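The numbers here are math on the coordinates, done by the rules we state, and not lab data. Here the structure is a predicted model, which means the values were calculated and not measured. Neighbour counts run over all protein chains shown; Cβ positions are idealised from the backbone, glycine included.
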Amino acid sequence: MKEAVVLAAEVAAGHDGEVDLVLTLSYENGVVGTVILDADTAFEIMQSCGATSSADLVGRAWHDILKGI
Amino acid sequence: MFDILIRNGKVVDGTGARAFLGDVGITDGRIVAIGPELQQEGRRVVDASGLVIAPGFIDPHTHFDVQLLWDGAAKPALEHGITSIIPGNCSLSLAPLKADDRKTLIGMFQQIEELPPEAFTQAFDWTWEDFAGYRAAIEPALAVNVAPLVGHSVIRLWVMGADAQQRAARPDEIAAMQDLLRECLEAGAVGLSTSFVDVDENARPVPSRFAQFQELDALCAVLGEFGRMLQIVPEFYDTDITIARIDQLAELSLKHRIPTTLSPVFDNRQSPNNVPRTLARIEEQTARGARVWPQMQTRPIDISFSLLRPSLFFARLPGWIKVLRLPVPERMIALRDPATADRLVADVGEDGGERLMGRLVVRGGGEAPDHLVGRTLGEIAAERGEVPARALITLSLENDLSIGFLAANGGHDSTERIGPMLANPLVHIGASDGGAHLTSFSTYGDTGYLFSEFVRKSGALSLELAVRKITSDTAEIWGLKDRGLLKPGFAADVVVFDPQIIARGEERPAFDMPGGGMRYVRDSIGIDTVLVNGEVAWSKGSYSDSATGRVCELT
């Protein structure tokens, strides 16, 4: 694997009672970790990378998604 | 003769020791005798037959700072058995605060606590600037005990003015903050709170977030002079950063010999390694001698949303995302368009949204008609001859999109996972946020839920352990003198409850904030009597006029 990619995108309850988006990432070195995004940020990155739903983020390069933040 | 004799109860003394049948005698606000069949009479007798007699519960993470100015009982916390609270969390307290900075702080409080503006303009007079003055303002009418934190953000604001939200502090400013913190601790503050997360009403980071490590280190040196607590809000949405904060807290704890606590820590199925990794690091740092206490709430997280603001509840539904991201006027036009509405309904699948939306509950407190409040969308849809997705759209349009929906138990909701976490001796049960998030969800009743869900239902904690976790453990962690135990000489903070039914009530809107402002609350279930410093503050569904709460003495 040459770059970090999104393995999964799931919604989860946030501390403030709103819904967050949990992205599971697989990094170049094999480490798997999660990044949690609030609604505004999640919708922005989905729009910027042309994803029509959270499921569309799966398989995308993290580098490309970061451009939307 | 005792002032009060609580008779024939199951005594759970807060130590974790096995319960026994007995009586508790109280005189002059103190517990003076505990044992089976005490021989003295009482001027007042509370019959605890079939009930538990326990120390009053202590809530270590609240935001009742403002409410205490017109409600010394911190209602409804007291009726849930809570006799001591710790306000001033998350870097925000009401003192020390210069008159010129009040408007700035009000914005931050409104953002975090969701208090109505009238709470600051009608409910009390600002009679103080310093911490001792705030203490004097609340103390006469207290019905609960209070151990107030002082907020890092207000200390910065006092010393740096508007620059507090713009830059790091100079050495002379750090020294001034140290002096100010010392003054607050001498006036009775239980510690310092700071936040790495919170924002003000304009989405700007609160002042504490502009501090460099040297500043926090210098303030912790002052905490070390008194042995007082540092509370932080870590970047809880990122496990790695949270672990880095734990390491930072451990260094501060060891260097300055202070206790530290971080809140919140919560569990989600979507990031199942978060709590195990956090607790593993806590265990390592505790083994080094550091005092770092992660606070975990008992209650599940409920999700709420309306169509007024795009929610990730719809993250998997492309058609819904597209419509909900339109400006509100265009969004309403789109939702009214029959073809668009048909597409949205089709988007949720063949069941018309029954699985995804059928169990959503219509929330009260907003624009929802009373006859719909508390009912599920599935029920309402069936009554209207619609599928749930269609009912969601039509109900929203009928109420200008201002109708709220609740998805209960959306996170931190796995009893099997959370029970053992709460029972872990390294976990500090807290993080209720009592007095905050007023219009989003209820922050009351976590103690009832501890007993109903994790003692009665799952058995993850024994009755004795559950009581200990929210009484003597909390008092010891925070250094609250002579509280948290049923023990001769200790303050007579006592709760009498029915272990078979203690629970939290259903969430409901209450319009009891200044100016008729709304908040969500939960009533208590199974709490019979609550005593604060030897006086009955709550009994069988009613508050008394007692005002025996105090600012807690510290060890």
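For the range A:5-66, relative contact order (Cα pairs under 8 Å, six or more residues apart, normalised by length) works out to 36 percent.
Axis angle, to the nearest 10 degrees, between helix B:239-256 and the longest C-alpha principal axis of chain B: 20 degrees.
Placing +1 on each Lys and Arg Cβ and -1 on each Asp and Glu Cβ, with no other charges, gives the range A:1-53 a dipole about its Cα centre of roughly 300 debye.
Backbone amide hydrogens, once placed in the peptide plane, bring A:Val11 within less than 5 Å of A:Val22, excluding anything fewer than 5 places away on its chain. All other residues whose Cβ lies under 11 angstrom from that of B:Gln67 are scored, Lys and Arg at +1 and Asp and Glu at -1, for a net of -2. A straight line joining the Cα centroids of the range B:364-398 and the range B:222-248 runs 44 Å. Distance between the C-alpha centres of the range B:489-548 and the range A:13-48: 39 Å, rounded to the whole angstrom.
Restricting to Cα atoms and excluding each atom paired with itself, what does the Kirkwood estimate give for the range B:188-337 in Å?
Result for the range B:188-337 stands at 18.1 Å.
Taking only C-alpha pairs under 8 Å that are 6+ residues apart, what is the relative contact order of the range B:303-409 in percent? 33 percent. Given Cα positions, please report Rg to Rh for the range B:66-123, the hydrodynamic radius being the Kirkwood one. Here the Rg-to-Rh quotient is 0.98.
Report, to the nearest 10°, how far helix B:213-226 tilts away from the longest principal axis of the Cα atoms in chain B, using its own Cα long axis and a range of 0 to 90°. Tilt relative to chain B: about 30 degrees. In this label model, A:Thr52 and B:Gln39 are separated by 8.6 nm, measuring between points 7 Å along each Cα→Cβ vector.
Can you give me the P(r) profile for the range B:442-508? Cα pairs, bins 5 angstrom wide beginning at 0, each as a whole percent. Answer for the range B:442-508: a P(r) of 4, 16, 23, 22, 19, 12, 4, 1 percent. With a ≥ b ≥ c the root eigenvalues of the C-alpha gyration tensor of the range B:303-409, is it rounded (a/c under 1.5), prolate (a/b larger than b/c) or oblate? Judged from the Cα gyration tensor, the range B:303-409 comes out rounded (a/c under 1.5).
With helices as the sole contributors, the protein assembly as shown gives -8500 deg cm²/dmol at 222 nm; each DSSP H run of n ≥ 4 counts as -39500 (n - 2.57), and the sum is divided by every residue. Enter the Cα centre distance for the pair the range B:31-98 and the range B:124-145, rounded to the nearest angstrom. Cα centres, the range B:31-98 to the range B:124-145: 18 Å.
Taking Cα atoms, how many degrees apart are the long axis of helix B:274-287 and the longest axis of chain B, rounded to 10 and kept between 0 and 90? Approximately 20 degrees, to the nearest ten.
Over all other residues within a Cβ to Cβ distance under 14 Å of B:Phe210, the charged ones net out to 0, with Lys and Arg as +1 and Asp and Glu as -1.
Each Lys and Arg adds +1 at its Cβ and each Asp and Glu adds -1 at its Cβ; summed about the Cα centre, the protein assembly as shown shows a dipole of about 860 debye. Taking amide H as placed 1.01 Å from N in the peptide plane, the amide H of B:Asn89 sits under 5 Å from that of B:Thr62, each at least 5 places away or on another chain. When a/c is below 1.5 the answer is rounded, else prolate if a/b is larger than b/c, else oblate, so apply that to the range A:5-66 with a ≥ b ≥ c taken from the square roots of the Cα gyration tensor eigenvalues. It is oblate, given that a/c is not under 1.5 and a/b is not larger than b/c. Between the listed residues B:Ala176, B:Asn268, B:Leu372, the Cα displaced farthest toward the positive end of the dipole of the protein assembly as shown, a dipole computed from Cβ unit charges relative to the Cα centre, is found at B:Asn268. Quick note on the protein assembly as shown: its Rg to Rh ratio, both from C-alpha atoms and Rh being the Kirkwood radius, is 0.98. For chain B, lysine pairs with C-alpha atoms less than 18 angstrom apart, excluding pairs fewer than eight positions apart on the same chain, total 6.
Classify chain B from the C-alpha gyration tensor, please: rounded if a/c falls under 1.5, else prolate or oblate depending on whether a/b exceeds b/c. Verdict is oblate for chain B. Across the range B:425-436, computed HN-Hα scalar couplings (Karplus, 6.51 cos²θ - 1.76 cosθ + 1.60, θ = phi - 60°) run x, 8, 9, 9, 6, x, 6, 5, 6, x, x, 10 Hz from first to last residue, x flagging Gly and Pro.
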